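Take a look at the structure below.
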């Protein structure tokens, strides 16, 4: 039976939230996509390489300018609303969800962007804290919102104010999007709850439709790689994460950082496999295991890039399987439910590759599947998991979409 996709209109829902909160329609609306990691475990804090796609689940911000120099923020997710002066950009513990918005406002001001007051409403269909880039999408949408409300162009050294009158602000160029992503990464540097942290903003801002994005965390550069063929990316979500997932992820960061220190490098990005092998006696078993996965993951991303350039999706899928095995054996961040999902996917001919994605310790898997067989794949995954575990999982067929934009 053909699976019917649920009707979704995040832009319309955001306009409704705005009108209910402020009593009038918004003048601008920005939508920023979620991101799904294909390869590149924990690249943010190892200066590593990653491959990700922006997927068709969005966070939206509707906005309108105001003349009194104040900013008011509301969201559909929480009852708290925040109202503050332009000079009051400190975090507020009573409305913690506004922290990232204030962080990008501070960073833009430091860069020379001049802006006034505004009202804004946030609505998201991206679940927070599960590795789908909700933080990156919020940073991207907030930065583009300010650009729409108070037109400016980011340059290498600062910002140029554009007074356009009644004209529309042109969409940012590729180079401006990358500069904007660097600013967002700087603003969200304290975000550590998700695998990519502030690195998530690159796919949300710079992705292209039907493409994967190669992100270099060390140099802050991106490149779009076409996803050839009729392929779907399917997310299988257990909807269960370890209750101490942040502590476990922090332990992984600790071991990687100490391994780099012992090896005399700034980050594990600088370590070659032979160098790691020769230094094994100087590392603890746990340090070596974590470093081994990170170094191998960077190599897999490079190899996967070659496969994508050649249109070899079967080989690309094998790197997903290899990545999962390495994470399970060396990072040790898998769970029995995740292992079941990968085993179920591997048994299906339509699946070219599967691995845990996001922070690990539960959560979801990402699967590369033939588009025409994606519905059957989802049904079999749901049935197989329910039979083995006795409860349901959520499957989601995703399409690779373009980065954040004005609607």
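What follows is calculated from the coordinates using simple rules that are stated; it is not laboratory data. Computed from a predicted model, the values in this text were never measured in an experiment. All Cβ positions, even for glycine, are placed from backbone atoms using ideal geometry, and neighbour counts span all protein chains on display.
Overview of results
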| read-out | value |
| --- | --- |
| Sorted peptide list for 32-43, 374-385, criterion being average Cβ within 10 angstrom, highest first | 32-43, 374-385 |
| Simple label model, 7 Å out from Cα along Cβ direction - residue 247 to residue 8, nm | 3.3 |
| Helix 374-389 vs. the chain, principal-axis angle (Cα, 0 to 90°, nearest 10) | 70 |
| Pairwise centroid distance, computed over Cα atoms, of the stretch 124-155 with the stretch 59-96, Å | 14 |
| Acute angle (nearest 10 degrees) that the helix 313-326 long axis makes with the longest principal axis of the chain, alpha-carbon atoms | 80 |
| Tensor-based shape of the chain (alpha-carbon gyration tensor, a/c under 1.5 rounded, otherwise prolate or oblate) | prolate |
| FRET E, pair residue 382, residue 239, Förster distance 22 Å, beta-carbon r, rounded to 0.05 | 0.95 |
| Protection-proxy order for peptides 343-353, 396-406, 242-252, each taking the mean of Cβ atoms within 10 Å per residue, highest first | 396-406, 343-353, 242-252 |
| Gain upon complete extension [residue 286, residue 80; 0.36 nm per residue less C-alpha separation] | 69.9 nm |
| Cβ-derived FRET efficiency at R0 45 Å, residue 110 paired with residue 339, nearest 0.05 | 0.45 |
| Shape call, the stretch 100-140: gyration tensor on alpha carbons, a/c limit 1.5 | oblate |
| Between the stretch 280-318 and the stretch 328-374, the Cα center-to-center distance that results, in Å | 17 |
| FRET efficiency estimate (nearest 0.05) - Cβ-Cβ, residue 67 to residue 173, R0 30 angstrom | 0.45 |
| The chain: angle of helix 245-263 to the longest principal axis, Cα-based, in degrees nearest 10 | 70 |
| Two-site label geometry, residue 394 and residue 254: point separation in nm, points 7 Å out along Cα→Cβ | 3.2 |
| Prolate/oblate/rounded label for the stretch 363-407 (Cα gyration tensor, a/c 1.5) | prolate |
